[in-house]
Structure formats: structure tokens, C-alpha cells
Amino acid sequence: MKVPASWGWVLSLWALWLIVEFIVFGKFSVVYTWDNGEVILPGLISTKFAGIDAPLWDNFSAAGSDRISEGWHGGIDVWLFSHLPGWLAYQLRVVSLAAIPVFAVYGLSHLTFRFSPWAKLYCAGAYSLTLTPGILMLSVHAYVPAVLFALTWLFQRIGDVKRWLIAVVAVFLLAETAYFSQLVPFAGAVIVFWFLFVDTRRTLGEWAVISVAVVAPVAMRIGDIRAMLATAPESHAGLVRAAMTTADAIDATIAESVFLSTPIMTVCTALFVYALIVRRGGSFRMKAILAAIVLGAVTPLAGTIIQGIVAEWVPAIHGYNLFRLRIVVITILVFAGGYGIQELTNQIDVWNRDGAPVVRIRLGQGALGLAVLAVAWVSVEQKVVSAREWIIQGSYKHNFESPVFQGLADSIKAEPWPVRAETFQMYPRYLNAYGIETAGGYQALIFRRYFEFWDRMMDPWMAGFQPTEGGFQIGLGGNRFAIAGGRTAYRNWRLMLVPPDHAPELRLADLYRLKFLSLANVAYIVSRDRLLDESLELLRQPDMPWSSMSTRERIATNAKANFTGRTHLYVYRNRNSLPRFFTVKSVRLFDSGEEVLDAMVAAPLAKLRHTVFAERATVPEPVAAAGPYGDLEIVLKRYVSDEIRLDVRGDGAAVLVIANAFSSAWKAEIDGVPATIFPADHAFWGVYVPAGARSIRFRYDPL
């Protein structure tokens with residue numbers, strides 16, 4: 001059977017079809033969420049507001065976090081989003097995520113298997129549909145075939161400089177675009193499985209090259225490893241990301257069987273089984289592929305069991321979902337399915353040549369057609385999902401070029417000191433893309449003290465739920481949740497304000513401890529519905545609350561916003577917001593962090609404004625022994641991601657509070673002399689300022 005057109009044109013048209021909406025609509029095309037639009041994309045866009053090149057501290061999300069440990073600041077992405085308009089940088093990545101795996105898989109099918117054109121086209125199409133266009137987190141999944149292709153091509157002529165250059169570029173692309181928790185160990189596992197089972201390599205020279213290809217991406221991101229290891233002990237990972245038990249891991253392995261997980265995987269499985277039957281068990285390579293698939297299927301289970309043991313000593317791996325090792329099976333199974341297409345096309349050619357009954361030929365063509373139809377159907381299904389996400393979550397213009405958010409950013413820039421904003425019913429990280437700092441956020445590692453502070457702020461919201469089995473449960477992946485009335489309310493690593501029920505008018509004070517938001521320097525709140533709290537001053541409002549609108553009105557509003565930017569928003573000023581830098585009159589000391597938080601819950605906002613609550617063991621001796629304290633006149637001299645400088649004047653000793661998330665990696669100097677930063681109000685910075693001090697410098701030094 002012949003392919004009806006040149007393979008190059010067919011592949012190009014297929015790649016274009018996968019991303020046609022992005023090419024046609026540009027910044028008006030869909031931005032998927034799924035750890036993408038609400039996390040990675042705004043995080044990358046916000047880099048240009050850091051005030052310095054290559055910042056280590058992310059001052060925009062969750063009152064501050066370690067930027068490198070977030071895991072998505074690869075060199076290529078940072079360069080693109082720092083030097084190009086955000087929408088253009090995103091479009092370039094979207095195009096590469098679609099085109100590169102299509103051509104790489106086709107080429108790999110040819111080099112490794114010598115498949116027929118139909119089988120090669122099937123593999124390219126099937127693999128591309130295991131990805132979702134525009135999801136930056138899937139970069140490893142998209143670019144691993146390029147590394148496999150480049151290495152295979154290199155091994156055919158090891159002395160060719162051009163082939164070495166292509167291999168280096170492929171490895172660099174993989175390393176410097178990857179979401180780190182997707183890169184290690186998953187990309188290396190695919191490469192090792194491939195050359196161990198699928199395209200077996202036996203010489204030491206080849207395995208030396210393979211080893212470099214596995215290790216080099218990790219080495220290029222060694223900064224991420226160091227940052228994660230340094231941040232993890234102070235993070236929330238052990239609180240919300242509990243390692244699975246062995247029983248849970250077994251249940252998940254059965255429930256999430258990759259072979260039947262999607263229509264494409266089901267078809268690939270069926271095609272490979274067909275090829276094994278026709279070939280009476282298959283060739284040696286087919287048997288090796290079968291062994292790789294079986295071993296790859298149980299590897300996540302074994303890895304998860306080991307993770308549960310090791311996580312006690314290495315907290316950073318709490319954040320790893322080792323079921324992502326399924327990428328090994330997904331990658332190999334697509335090519336295994338190519339064997340089935342190869343057998344079908346060969347058999348049909350034989351039947352045609354030998355004059356077999358028409359019914360037999362039509363059955364073979366029908367089976368081939370069903371496989372092609374499955375690929376086409378899934379691609380159309382992806383377009384339907386894309387259209388639905390465009391309406392629900394919006395476009396790049398909708399989320400990242402909102403005139404309301406931009407106006408809020410301009411107002412905040414005009415403030416004498418930095419202040420934060422917070423969203424209600426929306427992902428807070430959207431604001432970060434405008435250079436707005438938020439109290440909420442979502443990243444791999446949030447500082448534990450700040451997470452516990454946020455947890456107490458959320459207590460009234462969770463108290464409104466009546467768990468069916470009492471207390472909070474730990475679900476797969478470690479999310480704490482309660483079930484009420486058929487709904488599941490999650491309290492996990494997403495720090496965001498979401499009501500248990502949507503209504504046109506709500507009081508935040510009924511859901512959260514607003515004094516904690518005020519203490520966190522939240523001066524502005526953005527909502528889709530009307531808020532009735534007396535402490536909130538209305539600055540802007542739409543025609544009606546979001547929850548008062550009909551479904552048709554919501555669709556029309558979102559569709560319009562996809563071309564004009566989001567505008568259906570209420571904006572409030574929090575009259576009770578405390579400043580980012582302030583001094584207190586007294587210090588109250590306690591024996592534990594739990595006691596500190598209990599006392600803060602009981603204290604009114606006025607008490608929080610003039611008193612620091614701290615653990616006795618964490619404060620420097622002058623704080624424990626002295627008091628009452630004086631005021632300081634504070635002048636902000638420099639404020640960038642990794643450094644803050646203040647000029648101060650006062651008559652006596654003072655205790656200064658800075659409402660940034662506490663991390664031991666922040667260092668302080670008062671008039672050039674090192675000073676201790678202690679956990680103030682459990683989550684923030686406290687500094688004892690001796691009498692006569694004139695300048696204070698804070699710098700982030702995690703290494």
C-alpha cells in the first residue's frame with residue numbers, strides 16, 4: 001500500500017492541524033490550565049518584573065518562594081520570555097511542542113524499524129496525540145523522541161560532526177525547556193529503556209554517548225537540584241504530599257493501566273497484540289519490546305514503594321509523582337502499535353497480489369481504517385476540548401492582557417511601598433504575569449511556615465464542610481480533602497481562595513480569617529462576584545456578579561474577553577491591610593509554632609499590628625530580653641527579587657516585621673553587621689534593630 005502523498009507534506013499538514021488554532025488566532029488562542037496557564041506560564045512571564053537578571057527568589061507568588069526550586073525556569077524558556085512578548089514566546093513553544101515530536105517519531109520509525117510509510121505515519125500521529133498542544137509541562141514528553149532520533153542517527157555515522165551537533169542541540173532543548181520534576185528521572189528512563197530493549201546497543205562507546213545524553217540534562221539543571229534539596233526541608237511537601245502506601249500504589253497501578261488509559265493507547269495495544277499473533281510471538285526485537293512494556297508498567301509501582309521509604313530522609317521527593325514513569329510505556333507502545341500497522345499493510349499487499357477473496361481484503365482495509373479513524377477521532381476530540389477550554393479558561397489575551405489587571409498593576413506601582421493583591425474564585429498566579437505580588441500561589445515547594453499560616457486562614461472555610469467519615473482524609477497524591485453533599489473540597493498545595501458554593505454576593509469574613517490576609521499585606525482583592533465585607537472598598541465593578549449571569553451570558557462574556565482581555569471583575573481595596581514593613585511595640589513568646597498560631601487566631605488585628613508572636617527558641621537574645629520597643633522611620637531604597645535595602649531612623653531599639661514568607665536563606669545586615677532574621681508571626685520575617693541603626697540590607701543567598 002502506498003502513502004497518497006509525500007511524507008513531508010503529510011507530516012507538515014498533520015503538525016499544522018494539531019496547532020491550527022494557535023497559528024490562526026495567536027494571542028487570542030486557548031491557554032490550557034493543567035499546571036500550564038495557571039502556574040508555569042505566568043511564572044515565566046513574571047521573570048521580567050524581577051528587577052534583576054537571573055533572580056533566585058520569586059517575590060510574586062505565595063508571599064515569596066525559591067524561584068529555581070519551582071522547576072520550570074529552564075534556560076531556553078527564561079530567554080524566550082525575557083526577550084520576546086509573552087504571547088510570541090508561548091506560540092513558538094507551542095509550535096515546537098507539536099512539530100518536533102511528529103517529525104522525530106516519523107524519523108525514528110524509519111531509522112530503527114524500517115516501517116512502511118503507513119506505519120511511520122501512524123506512529124507519528126499516535127504519539128502526537130499522547131500530548132496536548134500548548135502544555136509546557138509536557139516538554140519532556142514532546143522532546144524525548146528528538147533525543148532518541150538524534151542518538152540513533154549519530155550511531156549510524158559516529159564521526160559525522162553534523163550529527164554530533166544535532167544530538168547536542170536535542171539534548172540541550174530537552175534540558176532547558178523541561179519542567180524539572182518531569183525531567184528527572186523520567187527522560188533518562190525512556191532513553192535507557194529504548195537502547196536497552198528496543199534499539200539494543202552493545203558497544204561501550206555507544207553506551208558512553210547514551211550515558212552522557214542521560215546525565216547531561218540533569219547536569220545542566222544542577223541548580224534546580226541544589227535549590228530543591230535546600231528548600232525541601234523548609235517546605236510544605238511533607239504536609240500535603242504524602243507518599244503512597246504499597247496498597248495505594250498497587251490500586252493506582254491497576255486503576256491507571258496505561259494500556260487502556262486512552263483510545264490511542266488501547267488501539268496501540270491491540271495492534272501490537274495482533275502483530276505478535278500474526279508473527280507467532282514476534283521477532284527478537286518484538287519480544288524485547290514486550291519485555292520493556294511489561295517492565296515499564298511495573299516500574300512506577302516499584303518506584304513508588306521505594307519513594308515511600310526514602311521520602312523520610314529526602315523530603316524533596318515527596319513532590320514526585322513516580323507514576324509519570326508511564327512515559328516509558330507510552331513511548332514504546334506507540335512504536336509497538338506500528339508493528340500492527342506494518343503487518344496489516346503487508347498482509348493487504350499480499351492478498352491483493354495473490355488474488356485473495358475480496359472480503360478478506362476489505363476486512364484488512366477496514367481494520368487499517370479503524371486505526372486511522374481512531375487517530376483522526378482523537379485529534380477532533382482534542383479540538384473540541386480546545387474549544388471548551390477557550391470558552392472556560394480563556395485565551396492568552398483573556399488571561400495575560402486584561403486591562404483591569406493591568407490597571408491594578410499600575411495602581412500598585414504607584415504605591416510608596418510594595419503591596420500584594422489576591423484573587424477570589426480565580427488562580428492567583430494570573431496576577432503575577434502583570435508584576436503583581438500575591439499572597440496565594442501554586443508551586444512545587446511552598447515554605448512550610450507560610451503554608452501553615454495560610455492553613456489557619458482557611459479554617460473557617462473548611463469548617464463549613466461536614467466530612468462523611470470524620471476529619472480530613474489523605475487521598476492519592478497526598479491531598480487533604482473533605483467530602484460534603486457529593487462535592488470534594490480540596491485543601492492542597494494550591495493556595496487560593498475558592499468558595500464552597502458560588503453566589504452573587506458573599507462575605508469573605510464568613511469563609512476566611514481576613515486579618516491574616518491583612519497581615520500578609522493584601523491591599524487589593526479581585527473577585528468575579530460582589531463582596532460585602534465592610535473592610536473592603538469597592539474600586540471597580542461590572543454590570544452584575546458572575547454568579548447572577550446565565551450560562552449563555554457567561555459564554556458570551558468569556559468569548560468577548562478572549563479578544564479584549566478579561567474585564568468582568570470586581571476590584572476592592574482592603575482598608576485593613578498592614579504595610580509590608582512595620583515595627584511593633586512588644587513581643588509575645590511561645591514554646592511551639594502551634595501555640596503561636598493559636599494565639600494569632602485569638603488576637604484581633606490591632607494586636608497583630610503592634611505585637612509579634614514568635615517561638616521562644618527562634619528569636620535572638622535581645623528580642624527575648626528587651627521591650628517595649630520603639631518606632632522606626634523607614635525609607636525603601638531598593639526592592640528587587642533578591643535584595644531589599646531600607647534606610648531607618650529611630651530613637652531606640654526596635655523590632656521590624658517584613659511580611660515576606662520566612663526562609664532561612666534570607667540574610668540581613670544592619671549597618672554592615674550580620675543580623676538574625678527570625679520567624680515573626682510564624683510565617684514572616686522579624687529583625688531586631690538596635691538603637692542608632694541607619695541601614696538594613698536583606699539579600700537572598702540560598703547557596
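Observations on the structure shown:
- Accessible area expressed per residue, the chain, with surrounding protein chains retained (probe 1.4 Å, Å²): 40
- Taking every C-alpha pair closer than 8 Å and separated by at least 6 residues, the mean separation divided by the residue count of the chain gives a relative contact order of 14 percent.
- Nearest 10 degrees, 0 to 90: helix 403-413 Cα axis against the chain principal axis: 40
- With an a/c value of 1.5 or above and a/b not larger than b/c for the gyration tensor axes a ≥ b ≥ c computed over the alpha-carbon atoms, region 616-675 is described as oblate.
- The chain - mean residue ellipticity at 222 nm from DSSP helices (-39,500 (n - 2.57) per run, n ≥ 4, rounded to 500): -15000 deg cm²/dmol
- Among 219-226, 289-296, 145-152, the order from most to least packed when residues are scored by Cβ within 10 Å on average: 145-152, 289-296, 219-226
- Comparing A219, A187, S641 along the charge dipole axis of the chain, the residue lying farthest to the positive side is A187, per the Cβ-charge model.
- Sequence ranges 437-450, 31-44, ranked by mean other-Cβ count within 10 angstrom, highest first: 437-450, 31-44
- Potential lengthening of the chain between S548 and A208 amounts to 116.0 nm, from the contour at 0.36 nm per residue minus the alpha-carbon distance.
- Helix axis angle, 448-457 relative to the chain longest principal axis, alpha carbon, degrees: 70
- Judged by the mean number of other Cβ atoms found within 10 Å, the most tightly packed of the peptides 204-215, 689-700 leads the ranking 689-700, 204-215.
- Solvent-accessible area, 1.4 Å probe, carbon plus sulfur percent, for region 586-637: 50
- Sum of side-chain charges, L519 neighbourhood, beta-carbon under 10 Å (Lys, Arg +1; Asp, Glu -1): +2
- Kirkwood Rh in Å, taken over all unlike Cα pairs in the chain: 27.7
- Cα gyration tensor, region 30-158 - rounded (a/c under 1.5), prolate or oblate: prolate
- For region 160-214 versus region 563-637, the gap between their alpha-carbon centres in whole angstrom: 50
- Sorted largest first by accessible area at a 1.4 angstrom probe radius, with every protein chain in place, the residues L497, L532 fall in the order L532, L497.
- For the residues H73, H502, a 1.4 Å probe over the protein chains yields an accessible-area ranking, largest first, of H502, H73.
- Measuring nothing but protein heavy atoms, the accessible surface of region 54-165 at 1.4 Å probe radius is 72 percent carbon and sulfur.
- Charge tally around I68: other residues with Cβ under 12 Å, Lys/Arg +1 each, Asp/Glu -1 each, net -2.
- T262/D598 FRET efficiency (R0 35 Å; Cβ-Cβ; nearest 0.05): 0.15
- Region 496-548: C-alpha gyration tensor shape, a/c 1.5 cut-off, then a/b vs b/c: oblate
- Rounded tilt (10° steps) of 246-255 against the dominant C-alpha axis of the chain: 50
The values are calculated or read from the model by the stated rules, or taken from the named source; none is laboratory data. The shown structure was predicted, so the numbers you read here are calculated from the model rather than taken from an experiment. Heads up, the Cβs are rebuilt from the backbone with ideal geometry, glycines too, and the neighbour counts pull from every protein chain shown. Just so you know, the surface numbers come from the protein's heavy atoms only, side chains and all, with ligands and any DNA or RNA stripped out. Shrake-Rupley method; radii C 1.70, N 1.55, O 1.52, S 1.80 Å.
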